[in-house]
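Asker: Quick one: structure below, then a few questions.
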Amino acid sequence: MLRNEIETKDTWDLTPLFADTAAWEAAYQNAEKAIKAFPPTMEKMLDSAQDLYAACKSLVECSEQIDRVYTYSHLRFSEDTTNNEARQLMGRSQNLLTVFSETIAPFDTILLTLEQEQLDGFFKDLPALEQEYGIMLRNMFRYKPHTLTKAEEQLMAAFSKERATAEETYESLTSSDLKFGTIRDEDGQEAELTDTNYAMYMRSSDREVRKAAFTTLYRTYDQFRNTFASLYAGQIESEKVCAKVRHYGSALEASLFPDHMTPEIYNNIIDSISGHLDVLFRYYRLKRRVLGLDEMHMYDIYIPLNEGEKRRFTYPEAVDEVLDAVSIFGQEYVDILRKGYEKRWVDVYPNTGKVGGAFSGGCATSEPYILLNFQGLDDDVSTLAHESGHSMHSYFTRTNNPLQYADYRIFVAEVPSTVNELVLAYHRLEHSDDRNEKLGILGNLLDLYKSTIYRQIMFAEFERETHAMSEAGEVLTADLLCEKYYALNQKYFGGEVVLDDEIAREWMRVPHFYYNFYVYKYAIGLTAASHIVRRIRNHEEGALESYFRFLKLGSTKDPIESLKVAGVDMTKTDVFDSAVEMFDELITEFEKLYEEQ
């Protein structure tokens, strides 16, 4: 459908942000003025506690104005990218954001010329400075040992584009230049293989199609093995140099620092999960039996355990399903979410020009909007639950914190959304009488745990090992990287799956290895969510209350301490043990149901 063919009730209501484009224009003009009025001589903010307070207040308020302007244009653009007015608003907002970023760029550097004793003195002189901006300023001050001189910072900034060369080249090579040739599809027709449709073919019921896709894809990657090795080694070298220049102990330490993580916690996550590989091996044995295979190859592991009953949902039915599921959190949560749906937080259906996928958006002073492309599938209901988890997190954060703390770090962002996904799945299991539907739900959950926890932890271990080899002076050749990756597959598949030689090249097609120790965060989200859901479903004393306290924290605590409020301590092993136990229990439940006649 075209955008104007969608019923108003099924679109989000952006009027709480701006009544119309004229109101947005007025706000845009005010935001421009606010940027120009931002302290012209930022060094003055260090003259007194009052001056620093004024600068912090100006920074926060100016940021809020620009966030509202940008949020409105982004949402308008997302709902219909073919709308010329929306495209213009988006372009102007991006330009405004660039100007603002350039204007405030010196703020942190100037602030960090203060000594800790001077900052403490400012807090004593003006208690309001500490009460309102103390957390924000202390978080900035954490970077003081890693901040360079003004000239050095300018030099680092000048080379920022060059530091992204490996990642950009990798993206160009994999998205544009690699051509994989053709294979025969299920109908015997010749079809072009791409990195995008590869996942579809790996879920094919025809084993020959899966094998052809697998061998064809990695044959092409192997032709560029030395190029990929050079790119990845260059990425690691860049991260090493930057970490050393900024006085971090390693690239890993530098990457973890913003989230208050340490290499010790990172290693604990990897060691804890990889210490429970027996449960993963049990999953693969189950899958081999269900699929009726004498031996399972690497091109067999992505076939669904059970497709399940393909239910269809209307959007109102999906809303009811989600509201029923989240009733486990109590009436307050349900009432707020129901009211949000009624107030049109959600843009429901696909239309010409609408961006794909789904997201939860907004800013500190807006509704926590949700973009969907709802088509009535099981996955669409799960997506509504997921994005509603994000939006409820945003709602509680924004209504319980001042502007400067009304957001949360990406490190914890996936926890509430995944909590909602899990409670929806368990709710549906408990209320379904259809054996095949329940097998489908269980199969999806098992695949989720396998992919999000174990696979991502294997990736995280590969990053850890390759960085360690580089820091020890080893040259990361293609042969060495393939050897290391193959050895990790031997560890994580444990003889339950035949390790076809091609899998040694899989590291070449993982873009996340260019994101600098990012993949472990996926495992964090699901393990933390599993622990929270387990506690709530078991009616542990204080579990629900601690979860709500977590939702309301915003950025008043660092990510590790925030998770502790929810009863999730990443420095200990019980969180990971709990997630593995849930995985193990789900395998048992699937086996029991599968064996019923």
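The values are calculated or read from the model by the stated rules, or taken from the named source; none is laboratory data. All of these numbers come straight from a predicted model, not from anything done at the bench. Reconstructed Cβ throughout: ideal geometry from the backbone, glycine too, with neighbour counts over all protein chains shown.
Asker: Look at region 61-105 and say how many of its residues are over 25 Å from the mean Cα position of the chain (by Cα) and assigned to a helix (DSSP H, G or I).
Answerer: So the count comes out to 18.
Asker: With closer than 23 Å to Asp407 by Cβ and modelled with pLDDT of 95 or more as the only criterion, which of Glu102, Glu132 stands out?
Answerer: The conditions single out Glu132.
Asker: If the Cβ limit is 7 Å and pairs must be 6+ apart or interchain, which residue in region 402-416 that is more than 21 Å from Leu256 (Cα to Cα) pairs with which residue that is of a type in the set (A, V, I, L, M, F, W, C) and assigned to a loop (DSSP other than H, G, I, E, B)?
Answerer: Leu403/Ala364; Ala406/Ala364
Asker: Please enumerate the residues belonging to region 354-412 that are of a type in the set (Asp, Glu) and closer than 28 Å to Ile441 by Cβ.
Answerer: Asp378, Asp379, Asp380, Glu387
Asker: Name every residue in region 29-51 that is among the β-branched types (Val, Ile, Thr) and buried (at least 16 other Cβ atoms within 10 Å of the Cβ), in order of residue number.
Answerer: Ile35
Asker: Name every residue in region 10-28 that is in a helix (DSSP H, G or I) and surrounded by 10 or more Cβ atoms within 10 Å (Cβ to Cβ), in order of residue number.
Answerer: Of everything in region 10-28, those that are in a helix (DSSP H, G or I) and surrounded by 10 or more Cβ atoms within 10 Å (Cβ to Cβ) turn out to be Asp10, Thr21, Ala23, Trp24, Glu25, Ala26, Ala27, Tyr28.
Conditions (1) among the hydrophobic types (A, V, I, L, M, F, W, C); (2) under 21 Å from the mean Cα position of the chain (by Cα), marked per residue:
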| position | (1), (2) |
| --- | --- |
| Leu551 | yes, yes |
| Asp569 | no, yes |
| Thr573 | no, no |
| Glu581 | no, no |
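Asker: Going through region 301-333 one residue at a time, which ones are under 21 Å from Asp378 (Cα atoms), hydrophobic (A, V, I, L, M, F, W, C) and modelled with pLDDT of 95 or more?
Answerer: Within region 301-333, Phe313, Ala318, Val319, Val322, Leu323, Ala325, Val326, Ile328 qualify.
Asker: On to the next question. Give me the residue from region 414-462 that is assigned to a helix (DSSP H, G or I) and among the small types (Gly, Ala, Ser) and, out of that set, farthest from the chain's Cα centre (by Cα).
Answerer: If we take residues in region 414-462 being assigned to a helix (DSSP H, G or I) and among the small types (Gly, Ala, Ser), then Gly440 is farthest from the chain's Cα centre (by Cα).
Asker: At pLDDT 95 or above, among the β-branched types (Val, Ile, Thr), surrounded by 12 or more Cβ atoms within 10 Å (Cβ to Cβ) and under 25 Å from Asp259 (Cβ atoms) - does that describe any residue in region 144-151?
Answerer: no
Asker: May I ask you to verify whether Asp347 is of a type in the set (Asp, Glu) and surrounded by fewer than 22 Cβ atoms within 10 Å (Cβ to Cβ)?
Answerer: no
Asker: Taking interchain pairs and intrachain pairs at least six residues apart, which have beta carbon atoms under 6 angstrom, with the first residue in region 33-56 and small (Gly, Ala, Ser) and the second in a helix (DSSP H, G or I)?
Answerer: Ala34/Cys62; Ala34/Gln65; Ala49/Phe122; Ala49/Asp125; Ala49/Leu129; Ala55/Met45
Asker: Working only within region 364-388, note down all residues that are more than 17 Å from Pro16 (Cα to Cα) and part of a loop (DSSP other than H, G, I, E, B).
Answerer: Scanning region 364-388 gives Leu372, Asn373, Phe374, Gln375, Gly376, Leu377.
Asker: Based on this model, can you work out whether Ile110 counts as in a helix (DSSP H, G or I), modelled with pLDDT under 95 and of a type in the set (Val, Ile, Thr)?
Answerer: Taking the combined requirement at face value, the residue satisfies it.
Asker: Using the structure shown, decide if Ser546 is surrounded by fewer than 20 Cβ atoms within 10 Å (Cβ to Cβ), closer than 29 Å to Phe396 by Cα and either in the same structural domain as Val241 (by TED's automatic domain parsing) or without any contact (Cβ under 8 Å) to a residue 24 or more places away in the chain (or both).
Answerer: Spelling it out, Ser546 is indeed surrounded by fewer than 20 Cβ atoms within 10 Å (Cβ to Cβ), closer than 29 Å to Phe396 by Cα and either in the same structural domain as Val241 (by TED's automatic domain parsing) or without any contact (Cβ under 8 Å) to a residue 24 or more places away in the chain (or both).
Asker: Still on this structure, please answer the following. Scan region 279-332 for residues that are surrounded by 18 or more Cβ atoms within 10 Å (Cβ to Cβ), in contact with a Gly (Cβ under 6 Å, 6 or more places away or on another chain) and under 28 Å from Val580 (Cβ atoms) and jot them down.
Answerer: Within region 279-332, Leu305, Asn306, Gly308 meet the criteria.
Asker: Go through region 118-175 and count every residue that is more than 30 Å from Gln50 (Cα to Cα) and not in a helix (DSSP H, G or I).
Answerer: The total comes to 2.
Asker: Additional query: So which helices (runs of 4 or more DSSP H) stay within region 535-597 end to end and still have 2 or more residues that are of a type in the set (Phe, Trp, Tyr) and at pLDDT 95 or above?
Answerer: 543-551, 574-595
Asker: To continue, here is another question. Return the pair list, or none, for Cβ contacts closer than 6 Å from residues in region 4-26 that are closer than 18 Å to Gln88 by Cβ to residues that are in a loop (DSSP other than H, G, I, E, B), at least 6 apart or on different chains.
Answerer: Hits for this filter: Leu17/Ser366; Trp24/Phe18.
Asker: Restrict the check to region 466-474 and report whether at least one residue is buried (at least 20 other Cβ atoms within 10 Å of the Cβ) and modelled with pLDDT of 95 or more.
Answerer: Yes, some residue in region 466-474 is buried (at least 20 other Cβ atoms within 10 Å of the Cβ) and modelled with pLDDT of 95 or more.
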